[in-house]
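**Q** Have a look at the structure that comes next, please.
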Amino acid sequence: MESKKITGYPSIDKPWLKYYSKEAINAHMPNCTVYDYILDCNKDNMNRIAMKYYGTNITYKKMFQQINCMAGVIEAIGVKAGEVVTVCMINAPETAFLLLALNKIGVVANMVSGADTLQELLKHLTDANSTIVFTLDMFQEKFEEIADEAKLKRIIVTNITESMSAFMRMGARMKKGMKPKPLPEDPRFYSWKQFFKNTSETSCTCHDGDAPAIITYTGGTTGGSKGVILSSVATFCMAWHLVQREPDLSRDKTWLQALPLFIAYGVTCSLLIPLALGITQIIRIPMQESISEMYRKFHPNLVIHGPAYWEKFADDNNDFDLSDFIFPTTGGDILRLPVEEKINHYLQSHGCPHPLINGYGMTEAGAGVTFSFPAAHRLGSVGVPLVNNIIAAFDTDSYIELPYGAEGEICICSPSLMKGYVNSPEETERILFRHEDGRLWLHTGDLGYVDEDGFVFISGRLKRFFAYADNGIHKKIFSLDIEKVLLKHPFVENCAVVAIADPKTVQIPVAYIILKDDVHADAESDVIAYGEEHLSGGYRPVKYYFVDKFPLTKIGKVDYRTLEQQATDAK
């Protein structure tokens, strides 16, 4: 067989394909709805348990019955394909049923967070032209306050304990304060039971995989949150890819579902992957328990969570037997090399057969586009592109693709790319456009490179820079460049640099430092002296704050805006 010519450019050579079987490379991704895809994956799997939720077991058969009943009722009130219904809930069986029911009848699910401010919720509703809301009683007062301005027609309310077993429900309501709240005296509000009392399994089924399926919102860690429109294919793309990569993953495994379902990462990875695999997912209220707490209770085989949660898992240093722990997976934020090494040391020393699997993606690409696997793993990397994806680094000015190892802006070409931002065509065209090669590329704003074996490495955010003036000359200084230097100090485990306003230089850097364990008493002064020696001018932090942990956003990423505000307030 003739050997493949190596050009030196990732998008042409696609070196990552060597990690995939011929069957996976030639597999055809279906063009259907999420509902159709999950139903097809489980047509011979109806008696297996799909979900475990606080003492309640739900089979795949029961799950699809609930989905079909919900779809029929929603359609019966006049909601039509292409319209938008808002879902403001957290992890529960009802949330999953509702997502798939809306998708079955071609209705777009507008996934918002109950932690959003009134202004954010109002904007998400009005921008999406959504007048029907499904929510939890813990959030109902917010929707009552904005109902008139948002022109809401129906607000359907449930309680987080609804699907719990009778015993667990009683305990949650009595001991955890989760008692149902009375509905507002407003005819637009309905209880879940009242709304779905006339159940019907009769509903139309849409099959257009390219039609909008969900709207999910970016994290807004360095800027304002934006609504991202994903098609059905983009929504189940990550799950389909993993099924192709791991076709023999047995259905007797359990998956811990703890990521919030109002983010793309939660829907496309944490919910749909176990459903596509036909395994059992253990649904937990998101972000409330540590991995250690959840592992002690359930001993799941597969877990996806953010880097901060995995670091805490290693720091807890519990004496677990992790020999049946496969696919310990992370993503959603930068995983610093020392932290990755610490986590892997803990996993390996407790019998885990695999190192931490790192992935990479963004909301605008359906969450996950690269993944590492036991056969394709490199320390410090976020893995290799999934089989139908192309990842490359491009020059930030010319948009010319860079060769292996050259650092530039990471761009993504994938069937999981968004259809666009809600009501923001200019913002969409700014990051999603065709290059001269004819491909549609998503510009991530992340700095990184691809090596000759197809592994992708992420350095940081291109947008994390600040303006610095020296003798009348203005320049951009990237926080990443300062962090790289400080992270070389042997006492520094993690570092985050932000900027505050300065009347002389426009902005100046401030460093937040997390020290490694067991450092000596003078460690802080050592780090400061190191920074003074190795950084100068606009790169030298004017202040160092030594902290135990960084603040996180509601989706578990480092919250740089909070750090900036803290530094400004302390100035």
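**Q** For a quick check of your reading: which strands (runs of 3 or more DSSP E) sit entirely within region 473-521 and have at least 1 residues that are out of contact with any Asp or Glu (no Cβ under 6 Å at 6 or more places or on another chain), of a type in the set (Asp, Glu) and modelled with pLDDT under 90?
**A** Of the strands (runs of 3 or more DSSP E) lying wholly inside region 473-521, those with at least 1 residues that are out of contact with any Asp or Glu (no Cβ under 6 Å at 6 or more places or on another chain), of a type in the set (Asp, Glu) and modelled with pLDDT under 90 span 492-502.
**Q** Exactly one of (1) modelled with pLDDT of 95 or more; (2) surrounded by 18 or more Cβ atoms within 10 Å (Cβ to Cβ) is unmet by Asp321. Its number?
**A** (2)
**Q** Go through the residues of region 283-294 one by one and say whether even a single one is within 23 Å of Asn42 (Cα to Cα), surrounded by fewer than 18 Cβ atoms within 10 Å (Cβ to Cβ) and acidic (Asp, Glu).
**A** No: zero hits.
**Q** Follow-up question, since we're still on this one. For region 236-256, name all the residues that are buried (at least 24 other Cβ atoms within 10 Å of the Cβ) and out of contact with any Phe, Trp or Tyr (no Cβ under 9 Å at 6 or more places or on another chain).
**A** Correct list: Cys237 only.
**Q** Examine region 564-571 for a residue that is modelled with pLDDT under 95, surrounded by 15 or more Cβ atoms within 10 Å (Cβ to Cβ), closer than 26 Å to Pro260 by Cα and out of contact with any Phe, Trp or Tyr (no Cβ under 8 Å at 6 or more places or on another chain), and state whether such a residue exists.
**A** yes
**Q** Within the bounds of region 454-475, is there any residue that is within 30 Å of Ser21 (Cα to Cα), among the acidic types (Asp, Glu) and touching a residue at least 24 places away in the same chain (Cβ under 8 Å)?
**A** Looking through region 454-475, none of the residues is within 30 Å of Ser21 (Cα to Cα), among the acidic types (Asp, Glu) and touching a residue at least 24 places away in the same chain (Cβ under 8 Å).
**Q** Within region 326-336, is there a residue that is buried (at least 17 other Cβ atoms within 10 Å of the Cβ), assigned to a loop (DSSP other than H, G, I, E, B), touching a residue at least 60 places away in the same chain (Cβ under 8 Å) and small (Gly, Ala, Ser)?
**A** yes
**Q** Here is a further query. Name every residue in region 3-34 that is in contact with a Phe, Trp or Tyr (Cβ under 9 Å, 6 or more places away or on another chain), in a helix (DSSP H, G or I) and under 16 Å from Ala276 (Cβ atoms), in order of residue number.
**A** Once the filter is applied, which keeps residues that are in contact with a Phe, Trp or Tyr (Cβ under 9 Å, 6 or more places away or on another chain), in a helix (DSSP H, G or I) and under 16 Å from Ala276 (Cβ atoms), region 3-34 yields only Val34.
**Q** If Ser398 meets every condition in (1) modelled with pLDDT under 90; (2) polar (S, T, N, Q); (3) under 16 Å from Asp446 (Cβ atoms) apart from one, which number is that one?
**A** Result: Ser398 passes all but (3).
**Q** Before we move on, is Leu259 surrounded by fewer than 22 Cβ atoms within 10 Å (Cβ to Cβ) and not in a strand (DSSP E or B)?
**A** For Leu259, the condition - surrounded by fewer than 22 Cβ atoms within 10 Å (Cβ to Cβ) and not in a strand (DSSP E or B) - is not met.
**Q** Within region 461-468, does at least one residue satisfy the condition of being crowded, with 18+ Cβ neighbours inside 10 Å, over 21 Å from the mean Cα position of the chain (by Cα) and either small (Gly, Ala, Ser) or modelled with pLDDT of 95 or more (or both)?
**A** No.
**Q** Turning to a different aspect of this structure: Of everything in region 366-400, what is over 18 Å from Val450 (Cα atoms) and either buried (at least 22 other Cβ atoms within 10 Å of the Cβ) or touching an Asp or Glu at 6+ places or on another chain (Cβ under 8 Å) (or both)? Give them in sequence order.
**A** Gly366, Ala367
Yes/no per residue for (1) in contact (Cβ under 8 Å) with a residue 40 or more places away in the chain; (2) hydroxyl-bearing (Ser, Thr, Tyr); (3) at negative phi; (4) touching a helix residue (DSSP H, G or I) at 6+ places or on another chain (Cβ under 7 Å):
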residue	(1), (2), (3), (4)
Ser11	yes, yes, yes, no
Lys14	yes, no, no, no
Leu39	no, no, yes, yes
Asp44	no, no, yes, no
Ile49	yes, no, yes, no
Thr56	yes, yes, yes, no
Thr59	no, yes, yes, no
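**Q** Report the residue count in region 337-358 for those that are assigned to a strand (DSSP E or B) and either on the phi > 0 side of the Ramachandran plot or crowded, with 23+ Cβ neighbours inside 10 Å (or both).
**A** 1
**Q** Kindly provide the set of residues from region 292-312 that are under 19 Å from the mean Cα position of the chain (by Cα) and either in a loop (DSSP other than H, G, I, E, B) or not basic (Lys, Arg) (or both), ordered by number.
**A** Once the filter is applied, which keeps residues that are under 19 Å from the mean Cα position of the chain (by Cα) and either in a loop (DSSP other than H, G, I, E, B) or not basic (Lys, Arg) (or both), region 292-312 yields Leu302, Val303, Ile304, His305, Gly306, Pro307, Ala308, Tyr309, Trp310, Glu311.
**Q** Considering only residues that are without any contact (Cβ under 8 Å) to a residue 60 or more places away in the chain and either in contact with a Gly (Cβ under 6 Å, 6 or more places away or on another chain) or in a helix (DSSP H, G or I) (or both), which ones fall in region 415-439?
**A** Pro425, Glu426, Thr428, Glu429, Arg430
**Q** Another question about this same structure. Out of all the residues in region 524-558, which are of a type in the set (Val, Ile, Thr) and in contact with a strand residue (DSSP E or B) (Cβ under 8 Å, 6 or more places away or on another chain)?
**A** If the condition is that a residue be of a type in the set (Val, Ile, Thr) and in contact with a strand residue (DSSP E or B) (Cβ under 8 Å, 6 or more places away or on another chain), then Val527, Ile528, Val542, Val547, Val558 are the ones that fit.
**Q** Same structure again: In this structure, is Tyr53 buried (at least 20 other Cβ atoms within 10 Å of the Cβ) and hydroxyl-bearing (Ser, Thr, Tyr)?
**A** Criteria met by Tyr53.
The values are calculated or read from the model by the stated rules, or taken from the named source; none is laboratory data. Just so you know, these numbers come straight off a predicted model, no measurement behind them. Heads up, the Cβs are rebuilt from the backbone with ideal geometry, glycines too, and the neighbour counts pull from every protein chain shown.
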